[in-house]
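Structure first, commentary second.
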Amino acid sequence: MAAVRFGDKRMRIPGPPILRIVVGILLIFGGTVGFLPVVGFWMLPLGVLVLSVDLHPVRRWRRRFEVWWGRRQRRKQDS
């Protein structure tokens, strides 16, 4: 079963790869209309996380963001 890790959190993502890709794209599109009542901007990062399981460019972007965020947090703690 596929899983995505962000920081020290690990989330399992079930289903075949094509289904995960479709769900990830739908979450991102739903997040772009975040001003509507049910959907929201919270769907954008969730869609990126789901896509990062199967798509290497998205995984690379997510990893770079994770490293940047970790360094930023470490700098805040050191100050």
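The values are calculated or read from the model by the stated rules, or taken from the named source; none is laboratory data. Since the model is a prediction, treat every value here as computed from it, not as a measurement. All Cβ positions, even for glycine, are placed from backbone atoms using ideal geometry, and neighbour counts span all protein chains on display.
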The number of residues in segment 23-38 that are at pLDDT below 80 and either within 17 Å of L49 (Cα to Cα) or of a type in the set (V, I, T) (or both) is 1
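If you scan segment 1-19, which residues turn out to be buried (at least 16 other Cβ atoms within 10 Å of the Cβ) and over 18 Å from W61 (Cα atoms)? Break it down into steps so the answer makes sense when it comes.
Going residue by residue through segment 1-19, those that are buried (at least 16 other Cβ atoms within 10 Å of the Cβ) are 4, 13.
If the condition is that a residue be buried (at least 16 other Cβ atoms within 10 Å of the Cβ) and over 18 Å from W61 (Cα atoms), then I13 is the only one that fits.
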Filtering segment 56-70 down to residues that are surrounded by 17 or more Cβ atoms within 10 Å (Cβ to Cβ) and either at pLDDT below 90 or not hydrophobic (A, V, I, L, M, F, W, C) (or both) yields R62
Which members of segment 43-59 meet the condition of being without any contact (Cβ under 8 Å) to a residue 24 or more places away in the chain and acidic (D, E)?
none
